[in-house]
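To start, the structure itself, in structure tokens.
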């Protein structure tokens, strides 16, 4: 891959990429994608959430995992940062605590791709705030 | 916080929570004047003068999940320990500007860190916002914005992991070039 330096380079690369992208990815329908939300408040960033987010992005890029990575705020589990919320379509969201790069890879390999539960899930009865109201 | 890029990542979350649609991150390094300034400007909902006074208090936060808010106090601590300070200007309904000044050569000044990565992460996680980055090193400038990138990307989403990787590469090589031009 050539080095990308200007917006023109980006345009060229995008044209190559565009043909490879499936229609599903282009429409980016969040309901059908696995959503990975990395908590990125002060507590999360200080605990290393940025490294975790980069690891997720690299892994998803490398293996073509149907997932999108977004940032979230603090959910009050500051003691367990970095925390990551994973929402697989049709399933309840799950929050993992004390995530580092190694656990991030495990979350993708085991939980997202194979459906196996792994250690480190925070409260079992986790609900999103919207559901509580 | 290990570096200034992490502070930026953190402070910009405040702008996002304030409902900003446009956020401008400016990082000014000037070795002649021995300064490193970070300015984050947004068009969010702003704060009253009374709130502005309170935000540097670690026990003040607008959130409800916990009782402390350390983003701004930690930034202030980093700035003060490196011979600088922070200032906040805000107007309700208009937006907020936060400035952090550092003495560039101060031994306690945290390193800038990976600014390109911080910017690209913010942009890809919030594709609906227009986030602008201005970086200047002595008199060399580099600017980029979500809007410009979106125009190029067209129908390809900004949070596509391959795009994120490319953007990271693009912004980081431009930032290092801005520094290289001065140093060589």
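FYI, it's all coordinate maths here, none of it is from the lab. Only a predicted model underlies this, so the values are computations on that prediction, with no experimental measurement involved. Glycine also receives a Cβ, built like all others from the backbone with ideal geometry; neighbour counts cover every protein chain displayed.
Peptide B:114-127 is shielded by partner chain Cβ atoms: per residue, an average of 3 of them sit within 10 Å of its Cβ. Within 10 Å of the Cβ of each residue in B:2-12, the mean number of Cβ atoms contributed by other protein chains is 3.
The value of relative contact order for the stretch A:28-132, using C-alpha pairs under 8 Å at least six residues apart, is 29 percent.
When peptides B:166-176, B:97-107 are sorted by average Cβ neighbour count within 10 Å, with the highest value leading, the order is B:166-176, B:97-107. The simple Förster model, with R0 at 51 Å and r as the Cβ-Cβ distance, assigns residue B:177 and residue A:88 a FRET efficiency of 0.80. Net length available on complete extension from residue B:87 to residue B:33 is 17.5 nm, with 0.36 nm assigned per residue and the Cα-Cα distance removed.
Within the stretch A:30-99, all pairs of alpha-carbon atoms sorted by distance into 10 Å bins from zero give the percentages 23, 52, 24, 1. Take every pair of alpha-carbon atoms less than 8 Å apart whose residues are at least six positions apart; their mean separation over the length of chain B yields a relative contact order of 25 percent. Which distance in Å, rounded to a whole number, links the C-alpha centroids of the stretch B:106-184 and the stretch B:1-37? Rounded to whole Å, the Cα centres lie 12 Å apart. Across the protein assembly as shown, the convex hull enclosing all Cα atoms gives 146 Å³ per residue.
Counted over the protein assembly as shown, the DSSP beta bridges are approximately 75% antiparallel. Neighbouring Cβ atoms from other chains, within 10 Å of the Cβ of residues in B:140-153, number 2 on average. Bridges between two residues of the stretch A:28-132, per DSSP, are antiparallel at a rate of about 55%.
When A:11, A:50 are sorted by how many other C-beta atoms sit within 10 angstrom of their C-beta, beginning with the fewest, the order is A:11, A:50. Cα convex hull, the stretch B:141-181: 58 Å³ per residue, rounded to a whole number. Looking at chain B, the DSSP beta bridges with both ends there are about 80 percent antiparallel. Note that the stretch B:4-183 carries a Kirkwood radius of 16.9 Å, evaluated over its alpha carbons pair by pair. Estimated purely from DSSP H runs of n ≥ 4, each contributing -39500 (n - 2.57), the mean residue ellipticity at 222 nm for chain B is -12500 deg cm²/dmol once divided by its residues.
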